[in-house]
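The values are calculated or read from the model by the stated rules, or taken from the named source; none is laboratory data. Note that the coordinates shown come from a computational prediction; the quantities given were computed from them, not determined experimentally. As a convention, Cβ positions derive from the backbone with ideal geometry for all residues, glycine included, and neighbour counts pool all protein chains shown. Just so you know, the surface numbers come from the protein's heavy atoms only, side chains and all, with ligands and any DNA or RNA stripped out. Shrake-Rupley method; radii C 1.70, N 1.55, O 1.52, S 1.80 Å.
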Amino acid sequence: MTKIILPELGEGITKAVIACWHVKIGDDLQEGQDVCEAVTDKASFVIEAPAKGKLKSIIIAEGREGQVGQALGTIE
Amino acid sequence: MIIEDWGPIEYPLADDRQKKYVQSVIAGAEDHLILCEHPAVLTLGRMTKPESLLYSRAEIEARGVDIREVDRGGDVTLHAPGQLVVYPIFNLYNGPRDLKMYMVKLEQVAVDLLRDFGILAISIPGKRGVFVGTDKIISIGVGVRKWVTYHGLGINVNTDLSLFDLIKPCGLNVRMTSMQKLKGQAVPLGDVKAKVVEQFRKHFL
């Protein structure tokens, strides 16, 4: 299982809102495919699949806030 | 920094071209600053609320405004002739990887640009864009992929402001203004382009 992690986005940025998921649970993902967008400080950061596999879970749903370093979802 | 002026260009064509440039900058190409103008178009992000469009699609299209669903977060955005669109495609990977710092610099470019034309504008914490009083004059929408930036600024130079009556810009109840409205006359787009380039060079080189 691979975690989709909210990366470091800048000094003092500890969290971001997941604006949207581009994929849904069960979708087959290619490594590097867009999976979701994290919005912070008025900018939207595209988060890509860190590995190939199926989207197993969405931990931070659309509109919810995630912490930097936290798993947003998992791929299996 | 390579400067390109695409002039008037259909939104979908510019969007495709921009995506290709993002990939080439990710692959190591030099940073690009793109200037262009789009024919009247509403772009609907994935979070566009139905109530953000104040008229039916048919009524909007009857006003000569195209409607495009786009693959981004965010709500509705209007582009139209007279609005100078600026797409900085910058690689932040080797600099400070800091979204906040990038946004602050972008807002500073916008504020300094307007000051060059005698317009006192401000950025408001927590609100996207740059404002004169409570009216928005420059829209800012930024995307970042692998630390390469895309999208950017929509500078209302001589935009037909009545087109904004079709929507709630960015889903908010905000009134829009333009450089033309504030100066009482049309502002030459070429002059604004030259100052945009100057300000980006000042803040980003």
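Points to keep in mind about this one:
- Accessible surface of the protein assembly as shown [probe 1.4 Å, protein heavy atoms]: carbon and sulfur percent: 51
- Once both labels are positioned 7 Å from their Cα atoms along Cα-to-Cβ, the gap between A:Asp27 and B:Ser162 label points is 4.1 nm.
- Within the full protein context, the accessible area of B:Arg128 is estimated at about 80 Å² for a probe radius of 1.4 Å.
- Summing +1 for each Lys or Arg and -1 for each Asp or Glu among the other residues whose beta-carbon sits under 9 angstrom from that of B:Ala80 gives -2.
- Three-way shape label, segment B:117-205, alpha-carbon gyration tensor, a/c 1.5: oblate
- Taking all protein chains as they are arranged and a probe of 1.4 Å, the heavy atoms of B:Lys195 leave approximately 60 Å² accessible to solvent.
- Summed side-chain charge close to B:Asp112 - residues other than B:Asp112 whose Cβ falls under 12 Å, Lys, Arg +1, Asp, Glu -1: +2
- Treating each Cα of the protein assembly as shown as one equal point scatterer and applying the Debye formula with no solvent, the log10 of I(q)/I(0) at q = 0.08, 0.09, 0.13, 0.14 Å⁻¹ comes out as -0.33, -0.42, -0.89, -1.03.
- Distances between placed amide hydrogens fall under 5 Å for B:Val76 paired with B:Gly45, B:Lys49, B:Cys170, B:Gly171, all partners being 5 or more residues away or on another chain.
- Chain B, accessible area per residue, ligands and nucleic acids excluded (1.4 Å, Å²): 45
- Whole-number accessible area per residue in Å² for chain A, which is evaluated in the context of all protein chains at 1.4 Å: 47
- Take the accessible area of chain B alone and of chain A alone, subtract that of the pair, and you get about 1800 Å² summed over both chains, using a 1.4 Å probe.
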